[in-house]
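Notes follow the structure.
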Amino acid sequence: MGGDTTRSMPAASNEYARLAAGPVGKQIHSIYQSRLRQFTDDGQYREQGLLPKLTEARANGSDWVQLSVYSPPDLSRPTFKDATSHHFKPAKVGESFGPSWSTHWFKVQLTVPKHMVDKEHLEFVWDANVEGMIWNDKGDVVHGLTGGGERTEWILPKEFRNGKKHTFYVEMACNKMFGNATGDAIQPPDPNQYYQLHTADIVAVNLQARALYFDFWEIGDASREFPGDSLEAHSAQQVANRIMDTFIAGNGSNKAISECRKIASEYLGDVNSHKVYNADKEALVTGIGYCHIDTCWLWPFAETKRKVARSWSNQCDLIDRYPELRFCCSQAQQYKWLEQNYPSTFDRVKKKVKEGTFQPIGGSWVEHDTNLPSGESLIRQFLYGQRYFESKFGQRCRTFWLPDTFGYSTQLPQICRLAGMTRFLTQKLSWNNINNFPHTTFNWVALDNSQVICHMPPSETYTAEANFGDVKRSVSNHKSLDQDHTSLLVFGKGDGGGGPTWQHLEKLRRCRGISDKTGLLPRLQLGDSADDFFDKLEKKVEKGTELVTWYGELYFELHRGTYTTQANNKRNNRKAEIMLRDIEYLATLATIKESFGKKSSYKYPKKDIDDMWENVLLCQFHDCLPGSSIEMCYDDSDKIYAEVFGTGERLLFEALSELGFDGNLKADSKLAALNTLPWARSEIVKLPAIASLPAYGLAHSTGPGIMEIRPLASRHSATIATIKEIRENVYELRNAQYVLEVSDGAITSLYDISAEREVIPKGKKAAQIVIFDDKPLYWQAWDVEVYHLASREELPPTKVSISEDGPHRVSLSIETKISEKSWIKTTISLSAVIGSALSAVEFEAEIEWHETMKFVKVEFPVDIVNTEASYETQFGIVRRPTHYNTTWDMAKFEVCCHKWADLSEATYGVSILNDSKYGFAVAGNVMRLSVLRAPKAPDAHADMGRHKVRYAIFPHKGALDDKTVRKAFEFNNPLRIVGHKASTEHAISNPIHQSEQNHDFGASSSQWTPTLVSPSSSPSPLTSLRIFGAPNLILDTIKRGEDDEDVSRGELPVKKGKNVICRVYDSMGGKSKGVLAWGGLKVKSVWKVDALEDEIEELSVGMCEVDGEDGGAEGSGGGVKIALRAFEVATFKLGL
């Protein structure tokens, strides 16, 4: 219909065969994927795979590698100059060397064989399964060795190819990367390990085969780790199988290897150089090389010094070979060690820092613990760290870098901002074993509302192996994608040191190639620094990106045992911090005597103070102070603290001598008590055992400085303490404030007389010693798990007796047997009440401790109800739940506190004070002080031996207030009894004479009458610095300006004039105004400064006169009005 039509058939295609050539089956995915492992497997198919092709030639034996050795005695670590001056005896491969921690220096005389001279790439491979360091014959470190197959190769210099013999040295350390444990790495080290030198070879490497190895590795990972239903995973598997088929077809020849690499490039692109990162495409992940070197841990401090040189020399070399690498490293202490011990390596590092490829980061002296150090210690970590980086490299750090510490104190954001840092990196909270921390990138907010940007790498490690999965997890684990999708990938061998390897960099090039050529894998960028990453984040925030906020501490739900382990070390830390405060205060006063008309040649002991601080800061490293290192580290820290205390006692003696006092007391010494706290104190003090002196005296003052010591002889009932046995094994201790009943060694009643309140719930026992079974899941020194609470056992006393019977102090001694080897002797003491001063029930415990995996604590059930307890932290208070409503609440079953913990209602409360403990818990109404643990790894003898600890119950009317804060300071700062020198111009106190021993004291300080010249009759530097008008403001630190012309050591530019630095903080959480008074000190200017003492704001306009109404006669003089935010830390510079 409608006409003819012509049909035409399309011509048959010549490309598609008409007849089937044969059957083709579907690939069985799992079989073809499993096949891939054969290509690089070290098992039965090794010789048919790629691995044998990596090495073109190998030479060993004495013809080519001639060895001789010098073994230093006594586990010493001699310098290059010393070691090479000794006789070397012949050595050979196959010999073993030891014992653990010993050092052996090898002279290596190497000759490259003729058949290897023209090979493309030659390496010297050395492996004794231990760490080592290669030195050239001039005494420069050229390479670090890890051992055990890790980082065992050193690229031979071109000049070694001349057929002549070349000499270099290998310093062999008889320890592995993680020390000398056998089996489990955290077990105590075996002191008698010997290590066999099994490889000392010259190796020619086939670089194309090596490159193919990494091509295949990453493509294989893509086939396994991309989603099984993705095109990218299937494509990777096909490419990898084609590579294997091509290699087999070409019998593994170099030509076949080249063909295989071409096939790989279809999936990877061109990954043969750093130019792979030049593509102008947005990257989600920034790769940063990092070398986390624990300053001590499973090895001693001395070994860390070598780890630094080994690791950083390698990084300088890698940066030259891989221009995309940006390497960062923290810890000013480690830079200083390198500078002192390896100056040529330090010069290499300085050059790389100047070029921008080696980035000092973190701003702190070490990667310190943040739970246990005092607030001032945290300030000094940054002060000393930032000043070192600025003096050596001309720059300060802007990023606080602390990936491996066991929780993060609530005031760190404020302290970071005061130290010039606006961002913070960590990742340790990914280890939480109860709750998953919900954020990756967020604003972290301190108690005073200061904030920093915090980033926790979503790869959840600071030692990434730079694998495909690390890059993938940088997005898949990212918890803040709704706010910002970028992240850091921190890669490099860590803990034991080393840093990034060339293998890491080869893998990452291929990961970037996959992102650009194939897709799906997050795009990675190398070449930017960690600061570049945070700069971009800050710019996004400036443009409106709203990051989520986290207020308060970053509590780590693991490693809670570190608040208690290694008690002696923690005690030394507290003691050293307090000593340093006193030294700086007294030395400052000694240098400003001229303001009070007194000449002096005394010089502020800046070097000694710096040395002390650097040692204390070193011991605050996050595996030292928490107690998670091997025994050798605590042998070291004991010596370090002994040096600190020795220097400190000398400095105190010198400063006191300059101020007119004598620490060497004699029978005719004029005694006085020295109060270094900036408020009035009235206390009964124990007097030195000098002939004719009574046991106790009354120390009294109306402010800081010298306190009169008056005799005590009154037996008036209102002013004495009494003790008696009221029933069998029931004792009553009484003073004007409290009545205690002690039954069977525990307090069963504590009655507050004026408040008419019983503190102990009926039927409960306070100061009860309890012991727990303590076997955590794995990390012995680190962890205590919640299930340990179920093993609670009360320890009954074996003997109770009166040890002191007033009238000024009464004591009850309680002996408790723990086991056949362990015991506790606790002394409960109650002093007479002095006027209106608040007293406390004090305890002193002496403990002989030889237990295994036990945890001893002291419990205080109190008649207080509150869902939150308060704990002192650095420069403030942390409030934590007393209940287990949620898993977040329950996770805090053991927490950190400093000098006190408190449980209060609106009308009444109880504080528990301590002089050296940090572990605490409040569950319901039971307050529990952690005393001692007994882990057996990594230190088999942790805490074994004799211990002393003081603690106290301090009940108080009303809610928690400044009285607890001050009482805890006083408890930790006992008055120092000093003598006046005979030549002292202004005798402020009088000696105690026999004729005065009948002098009474009453219940009110107003009844006291001075017997000699009042301290206020003559201006004195000792009474000058204090705060009026705000009892919650604590004047915590008084020191000289770091760069004052009479103080500076010249590391940074000198500033003219004299300055006194005063650090003040609000201890209670309330916006406050007060007056920082300086008495008769001649102050010309006042500046508010930051933690680094840079000027922020001039406050001279607020200078004022302080009259008697502000603080009595001693308060007369000058001052400045100050205002602080709640929990603010403020530093003021007084220009003289």
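The values are calculated or read from the model by the stated rules, or taken from the named source; none is laboratory data. All figures in this text were calculated on a predicted structure; none of them were measured in a lab. Virtual Cβ from ideal backbone geometry, glycine too; neighbours counted across all protein chains shown. Calculation scope for accessible area: heavy atoms of the full protein, side chains included, ligands and nucleic acids excluded. Shrake-Rupley method; radii C 1.70, N 1.55, O 1.52, S 1.80 Å.
Going from the alpha-carbon gyration tensor of the chain, what semi-axes, largest first and in whole Å, does one get by taking the root of 5 times each eigenvalue?
After diagonalising the Cα gyration tensor, the semi-axes are 63, 33, 30 Å.
Using Stokes-Einstein with the Kirkwood hydrodynamic radius over Cα pairs, what translational diffusion coefficient do you get for the range 307-441 at 37 °C and a viscosity of 0.692 mPa s, in µm²/s rounded to a whole number?
The estimated diffusion coefficient comes to 208 µm²/s.
Do any of Lys275/Lys428; Lys686/Lys799; Lys764/Lys963 go past 29 Å between their Cα atoms, and which?
Among Lys275/Lys428; Lys686/Lys799; Lys764/Lys963, the Cα-Cα distance tops 29 Å for Lys275/Lys428.
Of the DSSP beta bridges with both residues in the chain, give the percent that are antiparallel, rounding to the nearest 5.
Just about 90 percent of them are antiparallel.
Cα atoms only: what Rg and Dmax, in Å, come out for the range 722-976?
17.7, 53
Using the Cα atoms of the range 550-614 to build a convex hull, what is its mean projected area in square nanometres?
One quarter of the hull surface, i.e. the mean projection, equals 7.7 nm².
Figure the gain on full extension for Ser76 and Ser600 (residue separation times 0.36 nm, minus the Cα-Cα span) and round it to one decimal in nm.
Here the answer is 184.1 nm.
In the P(r) worked out for the range 515-584, what percent of Cα pairs fall beyond 13 Å?
Across the range 515-584, Cα pairs with separations above 13 Å total 82 percent.
Just the Cα atoms of the range 147-226, one point each, no solvent: what log10 I(q)/I(0) does Debye give at q = 0.21, 0.22, 0.24 Å⁻¹?
Evaluating at q = 0.21, 0.22, 0.24 Å⁻¹ gives log10 I(q)/I(0) of -1.04, -1.07, -1.17.
Taking R0 as 45 Å, what FRET efficiency do you get between Val739 and Glu848 from their Cβ-Cβ distance, rounded to the nearest 0.05?
With R0 = 45 Å, the Cβ-Cβ based efficiency is 0.90.
Given an 8 Å cut-off on Cα distances and at least 6 residues of separation, report the relative contact order of the chain as a percent. Spell out each step's value before the answer.
On the way: 2674 pairs, mean separation 104.6, N = 1136.
Reported relative contact order: 9 percent.
Any number yet on Rg/Rh for the range 783-835, C-alpha, Kirkwood?
Rounded to two decimals, Rg/Rh equals 1.19.
I need to check one value: relative contact order of the range 564-660, counting alpha carbon pairs closer than 8 Å and at least 6 residues apart, in percent.
45 percent
Given the Cα atoms of the range 372-485, and with Rh set as the inverse mean 1/r over their pairs in the Kirkwood sense, what is Rg to Rh to two decimals?
We get a ratio of 1.00 for the range 372-485.
Could you estimate the translational diffusion coefficient of the range 341-414 from the Stokes-Einstein equation, with Rh from the Kirkwood formula over C-alpha pairs, at 4 °C and 1.567 mPa s, in whole µm²/s?
Translational diffusion coefficient: 97 µm²/s.
Highest first, please rank the peptides 315-323, 396-404 by the mean number of other Cβ atoms sitting within 10 Å of their residues.
396-404, 315-323
What accessible area per residue, rounded to a whole number of Å², is obtained for the range 564-660 using a probe radius of 1.4 Å?
30 Å²
Over the Cα atoms of the range 670-710, how large are the radius of gyration and the largest Cα-Cα distance (Dmax), in Å?
10.3, 32
What is the extension gain from Leu19 to Ala302, computed as 0.36 nm multiplied by their sequence separation minus the C-alpha to C-alpha distance, in nm to one decimal?
Contour length minus Cα-Cα distance gives 94.2 nm.
Carbon-plus-sulfur fraction of the accessible area of the chain, 1.4 Å probe, in percent?
Solvent-exposed carbon and sulfur of the chain make up 49 percent of the total.
I'd like the Kirkwood hydrodynamic radius of the range 256-383, using the inverse of the mean 1/r over distinct C-alpha pairs, in Å.
Kirkwood radius, the range 256-383: 17.3 Å.
Go through the range 386-393 residue by residue and turn each phi into a ³J(HN,Hα) via Karplus (6.51, -1.76, 1.60, θ = phi - 60°); whole Hz please, and just put x for glycine and proline.
The phi angles translate into 5, 5, 5, 4, 5, 6, 9, 10 Hz.
Hey, if you drop one equal point scatterer on each alpha-carbon of the range 1024-1135 and run the Debye formula without solvent, what base-10 log of I(q)/I(0) do you get at q = 0.21 Å⁻¹?
Debye intensities relative to I(0), on a log10 scale: -1.13.
When the Karplus curve 6.51 cos²θ - 1.76 cosθ + 1.60 is applied with θ = phi - 60°, which whole-Hz ³J(HN,Hα) does each residue of the range 275-282 get, with x for Gly and Pro?
5, 4, 8, 7, 4, 7, 10, 5
Could you work out how far apart the two model spin labels at Lys89 and Leu789 are, taking each label as a point 7 Å from the Cα in the direction of the beta carbon, and quote it in nm?
Taking the two extended label points, one gets 6.1 nm.
Extent of the range 564-660 along each principal axis, from alpha carbon coordinates, in Å, largest to smallest?
Reported extents, whole Å, longest axis first: 53, 19, 18.
What are the semi-axes of the equivalent ellipsoid of the range 32-131, taken as the square roots of 5 times the eigenvalues of the Cα gyration tensor, listed largest first and rounded to whole Å?
Taking √(5λ) for each eigenvalue gives 36, 20, 11 Å, largest first.
Considering amide H positions built from the backbone, and no H for Pro or chain starts, which residues 5 or more places from Tyr696, or on another chain, come under 5 Å of its amide H?
Under 5 Å from the amide H of Tyr696 lie the amide H atoms of Leu687, each far enough along the sequence or on another chain.
Using only the Cα atoms of the range 52-205, construct the convex hull and provide its projected area averaged over every direction, in square nanometres to one decimal.
Quarter of the Cα hull surface area: 9.5 nm².
Rg and Dmax of the range 93-177, Cα atoms, in Å?
13.4, 40
Give me the number: length gained by fully extending Arg1049 to Leu231, i.e. 0.36 nm times residue separation minus the C-alpha to C-alpha distance, one decimal in nm.
288.0 nm
From largest to smallest, what semi-axes in whole angstrom does the range 285-558 give when each is the square root of 5 times an eigenvalue of its alpha carbon gyration tensor?
26, 25, 17
Roughly speaking, what is the centre-to-centre gap between the range 572-590 and the range 299-334 when only Cα atoms are used, to the nearest Å?
About 35 Å separates the Cα centre of the range 572-590 from the one of the range 299-334.
Evaluate the distance, in nm, between pseudo-label points positioned 7 Å from the Cα of Ile753 and of Ala906 along their respective Cα→Cβ axes.
3.0 nm
Would you please give the FRET efficiency between Ser253 and Ser476, computed as 1/(1 + (r/R0)^6) with r the Cβ-Cβ distance and R0 = 35 Å, to the nearest 0.05? Each step should come with its number before you reach the end.
Working: r = 40 Å, r/R0 = 1.14.
In this case the efficiency is close to 0.30.
Computed over the Cα atoms of the range 751-845, what is the ratio Rg over Rh, Rh following Kirkwood?
Computed over Cα atoms, the ratio is 1.07.
Using unit Cβ charges (K, R positive; D, E negative) and no other charged atoms, how large, in debye to the nearest 20, is the dipole of the chain about its Cα centre? Present the calculation step by step, with values, prior to reporting the outcome.
Values: 133 positive and 148 negative charges, 323 e Å.
Here the size comes out at about 1560 debye.
Kirkwood hydrodynamic radius, computed over distinct alpha-carbon pairs, for the range 211-270: how many Å, to one decimal?
Radius from the Kirkwood sum: 11.4 Å.
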